[in-house]
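All remarks here apply to the structure that follows.
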Amino acid sequence: MTLAEHLTELRSRLIKSMIAILLGGLVVFLLYNRILDFLTEPYQKICEGGDVTCLNGGKLTITDPLEGLAVRMKVAGYGGLALALPVVLWQIWQFVTPGLYENERKYALPFVASSVALFGMGAYIAYWTFPKALEFLINIGGDVTPMFSPNKYLSLITLMMLGFGLGFEFPILLVFLQLAGIVQPNQLASVRRYAIVGIVLVVAVATPSGDPYSLLGLSIPMIIFYEVSIIIGRLAARRRRITPAG
């Protein structure tokens with residue numbers, strides 16, 4: 001393909017991805033009330049536990065007349081991206097497929113399925129650890145009574161879930177780089193110690209909450225994924241040596 005053809009192909013994939021995100025955002029916008037109950041459950045859980053004294057029974061408090069619509073739009077944007085993830089990943093795979101061998105193109109469905117599953121797993125772990133993280137953040141401030149606005153609270157929990165979900169895509173990226181021949185499994189293995197330190201540092205800086213529960217909840221799986229990606233890369237390299245390029 002020429003450069004112009006590549007740009008045309010890229011534009012087509014981007015447009016399809018944006019349409020999927022917009023449709024997903026519309027669904028989230030219409031189901032906002034149910035999603036709001038789901039996202040505020042961790043806050044209500046720590047309030048009902050008795051360890052933290054909350055105002056308004058753990059309900060969020062609006063202080064700006066425009067905040068409700070702004071928050072709803074923001075949640076719709078994040079949720080639309082999450083719902084459209086299978087389509088976005090499929091478009092990415094279709095764009096890079098011409099650079100792969102014929103026998104490697106059959107990994108399209110496993111790539112999309114595993115990416116969606118890992119994203120969902122990461123988002124769930126973020127949601128699961130969020131009550132502990134939130135309780136830590138409240139208690140570290142001393143004798144305080146929390147009263148959160150929807151903008152601050154929902155921004156934090158959605159960013160946490162999105163960040164964990166994207167972080168769990170780490171092994172997919174490493175496997176793809178190995179399939180593309182950009183890095184080799186032995187290279188990843190040789191820098192294992194530096195990679196572990198780098199993962200912990202990146203997670204510590206990138207995690208919005210900055211609490212130890214989120215740090216452990218994301219860095220430990222990413223370290224495990226790093227090792228798993230090396231194993232998968234070695235298996236793929238062995239198969240490539242055995243199977244002639246198509």
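Only the coordinates and a few stated rules stand behind these numbers; no lab work does. Source: prediction; values computed, not measured. Cβ atoms come from the backbone with ideal geometry, glycine included; neighbour counts cover every protein chain shown.
Tabulated values for the structure
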item: Length-normalised contact order of the chain in % [C-alpha pairs under 8 Å, at least 6 apart]; result: 24 percent
item: Likely footprinting exposure, Thr129, Thr8, fewest C-beta neighbours within 10 Å first; result: Thr8, Thr129
item: Net length gained if the chain between Ala189 and Lys16 were fully extended (0.36 nm per residue, minus Cα distance); result: 58.5 nm
item: Whole-Å distance, taken between Cα centres, linking segment 40-62 and segment 145-165; result: 14 Å
item: Cα-centre dipole for the chain with unit charges at Cβ (Lys and Arg positive, Asp and Glu negative), debye to 20; result: 980 debye
item: Listed residues Pro110, Pro208, Pro221, most fluctuating in the chain (Gaussian network, C-alpha, under 10 Å); result: Pro110
item: Residue with peak Gaussian network fluctuation, the chain [Cα springs, cutoff 10 Å], from Arg34, Arg192, Arg72; result: Arg34
item: Neighbourhood net charge (15 Å Cβ-Cβ; Lys/Arg +1, Asp/Glu -1) for Gly142; result: -3
